[in-house]
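Scroll down for the structure; my scribbles are underneath it.
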Amino acid sequence: MNRRTFLASSAASFLAPAAASAVGEDWEWSYYGADQAATRHAPLDQITPDNVGNLEVAWVHHTGDSLERPQTTIEATPIVVDGVLYVTTAQVKTQALDAATGKLLWTFDPFEGSSSRRSRGVSRGVSFWKNGAEVRIFTTAGEFLYCVDGKSGKLVESFADGGALNLSTELDAEITVGFSHTSPVVVWKDLILTGGGGGEGPGPAAPGHIRAWDVRTGKRKWIFHTIPRPGEFGYDTWPQDAWRQAGGANNWAGLALDERRGRLYASLGSAAFDFFGGERKGQDLFGNCVLALNAETGERLWHFQTVHHDLWDYDLPAQPMLCDVVRGGQRIEALVQLTKTGLTFVFDRQTGQPLFGVEERPVPASDVPGEYSWPTQPFPIKPPPLSGLSFDESDLTDVSPQAHAFVKEIFDKHRHGPIFTPPSLEGTIVRPGFLGGALWGGGSFDPGLGYVFVNSSENANIMQLVPAEKDKGYRYGHTGYIRFFDHEQRAPMRPPWGHMTCIDLRTGDFVWREPLGEDPKYGKTGTRQIGGSCATAGGLVFIGATLDERFRAFDSRTGREVWSTQLNAGGYATPCSYAVDGRQYVVIAAGGGGKQRTKSGDEIIAFALPR
């Protein structure tokens, strides 16, 4: 076992930046992650554990475009700029609202004129650029990035091609099929920084190269090839000339930015095809990497690969989160990366060295003909895992004899074992499943306490490879993204099925850990989740996400649930908090539907204390 020795002292203290005064003062959630560092923290303390029970609905906005067949969802976190709230809708329109009243100001529809009744997918939010009185809103839909005037909702025609930039162009790639960009872009100085990419295979997929564009004209300024070319770092981790056909290695979860140092941080997904890597023998850099780049030039500064030669769809699913910690009197600028595997990696973000140490541990080998699985995988020594990392008979659900018998029959027919047991021709149970662990909601951070808050799910999938037909152009396909459920569509393992966890970054230990969500039949079991949390200086963590369609607040210090309310549809998005005219609001999109498969909704809901 090869153990890295980057162990850090647990006798650490936390450095909290100066927070804006909260009560009676305004503060705006201006970025997807609250700030460019993606901390999802609002320095507002008007709402506290003592008065949160008095929250009332301040306003509700109906986007008016949800569908039940096919089901839509809203995964967007609003931003607020100059008193205007901008959000994307169930059908990927962008709407501007008065942040204090919810009054609709304008709507931009990238699909205007189309009569299709299909779901447009998701867009998790927008970004802004401001120059004097001019405000530009950047929003994505499919492969296009749109530049919209923040005051009128009209396209800025001087940007790119009449206000629209086709991100599937200028990829330096032969394959651009299936390109999309679902998370908000990063806007810094006069640059737009983009991720995105193609599908997950087994067919052709676009690569996920990271690029910078001129914020005024849409002209490309630089590109970083996440699938390296000859002469570039990492080229030797792929077969020769693999870059010509390889896809994936994309940043679909969003980027983070250290504005002071001008450093861009990306969390990358796996190379395509997700479940068979015979055509990509090697570690496959920069797939599954935390990647640090010079934001001005695109130069690589460091990387860390969290999964080698991924065969499990273990994309890095959340923005890197940038936090500052003091150890032994020395300030360390840290980066927290949450994963689908339930493992939490904490780095010195200047050097890429793990703060709590990482071990390379042996993992099971593949017996699929033509596969070359990697013999070891990295495991952080701390923090502890957020999810179960194995599946054996002792893990099977015990909520009822019927549920146990149902899942045992399936369990006995498939391979199972520790995390990183490879996909197989007979079918392998994958735990954590393709929905985490942690997912794109990421975590939130309280700089005063030095605590990271993260929600996680317990779930499993079954992945079975099948030989492809000779004319397909690839060797293996699969039988589908099969969710492993009991007879009542519940998780196959013993509950809890979902948690809210608080991690102390000074020690790497859990401070508290509570089930998140209630099952109507079995009670406080926790549920699977879609969406994340936001933290406030008032000592609260707000989160929707759960299958029971409730919106909750937890006491940051103790983990005690201090408030909850029933939503009309699930809040499968990450909330935000801001203050306008001296009043603090907490806002969540209740779009339901999506991967949770509950009823769809179209509400943007703002909560506040009574005036």
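The values are calculated or read from the model by the stated rules, or taken from the named source; none is laboratory data. Values in this document were obtained by computation on a predicted structure and should not be read as measured data. Because the Cβ atoms are built from the backbone with ideal geometry, glycine has one as well, and the counts that use them run over all protein chains shown. Areas reflect the complete protein model, heavy atoms only, side chains present, ligands, DNA and RNA absent. Shrake-Rupley method; radii C 1.70, N 1.55, O 1.52, S 1.80 Å.
Starting from the Cα gyration tensor of the chain, multiply each eigenvalue by 5, take the square root, and state the resulting semi-axes largest first in whole Å.
Numbers: eigenvalues 223, 168, 129 Å².
Sorted largest first and rounded, they come to 33, 29, 25 Å.
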**OP:** Calculate the dipole size of the chain relative to its Cα centre from +1 charges on Lys and Arg beta carbons and -1 charges on Asp and Glu beta carbons; express the result in debye to the nearest 20.
**Re:** 160 debye
**OP:** Choose one of Leu44, Val92, Trp59: the residue whose Cα lies farthest towards the positive end of the charge dipole of segment 31-96 (beta-carbon charges +1 Lys, Arg; -1 Asp, Glu; about the Cα centre).
**Re:** Val92
Subject >> Cα gyration tensor shape of segment 16-133, rounded if a/c is under 1.5, else prolate or oblate by comparing a/b with b/c >> reply: prolate
**OP:** Would you list, by chain and number, the lysines whose Cα falls below 24 Å from the Cα of Lys189, excluding same-chain residues fewer than 8 positions away?
**Re:** Lys130, Lys151, Lys154, Lys219, Lys221
**OP:** Express as a percent, rounded to the nearest 5, the fraction of DSSP beta bridges in the chain (both residues included) that run antiparallel.
**Re:** 95 percent
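Length gain on complete extension for the stretch Lys219 to Glu134, per 0.36 nm per residue less the alpha carbon to alpha carbon distance? Kindly include the intermediate steps, with their values, before the conclusion.
On the way: separation 85, 0.36 × 85 = 30.60 nm, distance 1.97 nm.
Taking Lys219 through Glu134 to full extension adds about 28.6 nm, to one decimal.
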**OP:** Compute the distance in nm between two label points, each set 7 Å from the Cα along the Cα-to-Cβ direction, one at Thr558 and one at Phe233.
**Re:** 4.8 nm
**OP:** Could you tell me the distance between the Cα centroids of segment 287-343 and segment 441-514, to the nearest Å?
**Re:** 18 Å
Original post:
How many nm is it between the label spots at Lys408 and Asn51, if each spot is 7 Å from the Cα in line with the beta carbon?
Top reply: 5.5 nm
Original post:
Quick one: Cα centre-to-centre distance for segment 131-187 and segment 220-278, in angstrom?
Top reply: 21 Å
**OP:** Give me the accessible area of Thr169, 1.4 Å probe, in Å² rounded to the nearest 10.
**Re:** 60 Å²
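On a full-extension model of 0.36 nm per residue, what is the gain between Lys521 and Asp509, subtracting their alpha-carbon distance, rounded to one decimal in nm?
The Lys521-Asp509 span can extend by a further 1.1 nm.
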**OP:** Determine which lysines satisfy two conditions relative to Lys408: a Cα distance under 27 Å, and not lying fewer than 8 residues away in the same chain.
**Re:** Lys340, Lys521, Lys524, Lys595
Original post:
Rank Ile74, Ile175 by accessible area, highest first, at a 1.4 Å probe radius?
Top reply: Ile175, Ile74
Original post:
Which whole-number percent is the relative contact order of the chain (Cα, under 8 Å, 6+ apart)?
Top reply: 16 percent
Original post:
Out of residues 5 or more away from Ser400 or on other chains, whose amide H comes under 5 Å of its own, with H placed 1.01 Å from N in the peptide plane?
Top reply: none
Subject >> Mean separation of Cα contacts under 8 Å (6+ apart) over length of segment 437-592, as relative contact order % >> reply: 18 percent
Original post:
Measuring from label point to label point, each 7 Å out along Cα→Cβ, what is the Asp161 to Asn568 span in nm?
Top reply: 3.9 nm
**OP:** Return one whole number: the accessible area per residue of segment 56-196 in Å², for a 1.4 Å probe.
**Re:** 39 Å²
**OP:** May I ask you to work out the translational diffusion coefficient for segment 369-448 at 25 °C, viscosity 0.890 mPa s, via Stokes-Einstein with Rh from the Kirkwood sum over Cα pairs, reported in whole µm²/s?
**Re:** 160 µm²/s
Original post:
When the accessible area of segment 137-198 is split by element with a 1.4 Å probe, what percent falls to carbon and sulfur?
Top reply: 47 percent
**OP:** Mind checking the full-extension length gain between Arg118 and Ser390? Use 0.36 nm per residue of separation minus the Cα-Cα distance, one decimal, nm.
**Re:** 94.1 nm
**OP:** At q = 0.18 Å⁻¹, what is the base-10 log of I(q)/I(0) for segment 134-251 according to the Debye formula with one equal point scatterer per Cα and no solvent? Please give it to two decimals.
**Re:** -0.88
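What do you reckon, how do Arg611, Arg552, Arg528, Arg560 stack up by accessible area (1.4 Å probe), largest on top?
Details: Arg611 205, Arg552 5, Arg528 45, Arg560 135 Å².
The most accessible residue leads, giving Arg611, Arg560, Arg528, Arg552.
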**OP:** Determine how many Å³ per residue the convex hull of the Cα atoms of segment 462-528 encloses.
**Re:** 143 Å³
Subject >> Per principal axis, descending, Cα span of segment 364-405 in whole Å >> reply: 40, 34, 11
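Where does each of 451-462, 358-369 land if you order them by average Cβ count within 10 Å, highest first? Write down the numbers at each step before the final one.
Details: 451-462: 26.2, 358-369: 16.1.
Order by mean packing, descending: 451-462, 358-369.
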Original post:
Ignoring ligands, DNA and RNA, how do Arg117, Arg327 rank by accessible area with a 1.4 Å probe, largest first?
Top reply: Arg117, Arg327
Subject >> Reachable lysines from Lys281, criterion Cα separation under 22 angstrom, eight or more residues apart if same chain >> reply: Lys470, Lys472
Original post:
For segment 194-271, which chymotrypsin sites (Phe, Trp or Tyr not before Pro) are in a loop by DSSP, counting at most 15 other Cβ atoms within 10 Å?
Top reply: Phe233
Original post:
So if R0 is 41 Å, what FRET efficiency would Leu104 and Asn294 give, r being the distance between their Cβ atoms, rounded to the nearest 0.05?
Top reply: 0.50
Original post:
Just the accessible area for Lys408, please: 1.4 Å probe, Å², rounded to the nearest 10?
Top reply: 60 Å²
Original post:
Of all the accessible heavy-atom surface of segment 247-395, with the other protein chains kept in place and a 1.4 Å probe, what percent is carbon and sulfur?
Top reply: 47 percent
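When a/c is below 1.5 the answer is rounded, else prolate if a/b is larger than b/c, else oblate, so apply that to segment 210-348 with a ≥ b ≥ c taken from the square roots of the Cα gyration tensor eigenvalues. Mind showing how you got there, number by number?
Numbers: a/c = 1.94, a/b = 1.26, b/c = 1.55.
In terms of gyration-tensor shape, oblate.
Can you give me the relative contact order of segment 522-611 as a percent, contacts being Cα pairs under 8 Å and 6 or more apart? Numbers along the way, then the final one.
Numbers: 209 pairs, mean separation 19.7, N = 90.
Relative contact order for segment 522-611 comes out at 22 percent.
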Original post:
In Å², what does the accessible area per residue of segment 427-483 work out to with a 1.4 Å probe?
Top reply: 32 Å²
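Counting only heavy atoms of the protein chains, get the accessible area per residue of segment 495-541 (1.4 Å probe) and round it to a whole Å² value. Could you put the intermediate results ahead of the total?
Details: 1340 Å² over 47 residues.
Computed with neighbouring chains in place, this is 29 Å² per residue.
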Subject >> Peptide ranges 101-109, 145-153, 514-522 listed from the most packed, as the mean C-beta count within 10 angstrom indicates >> reply: 145-153, 514-522, 101-109
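Mind running the shape call on segment 273-398? Use the C-alpha gyration tensor, a ≥ b ≥ c as the square roots of the eigenvalues: rounded below 1.5 for a/c, prolate if a/b tops b/c, oblate otherwise. Could the numbers behind the result be given before it?
Details: a/c = 2.35, a/b = 1.36, b/c = 1.72.
Oblate is the answer for segment 273-398, as a/c is 1.5 or above yet b/c matches or exceeds a/b.
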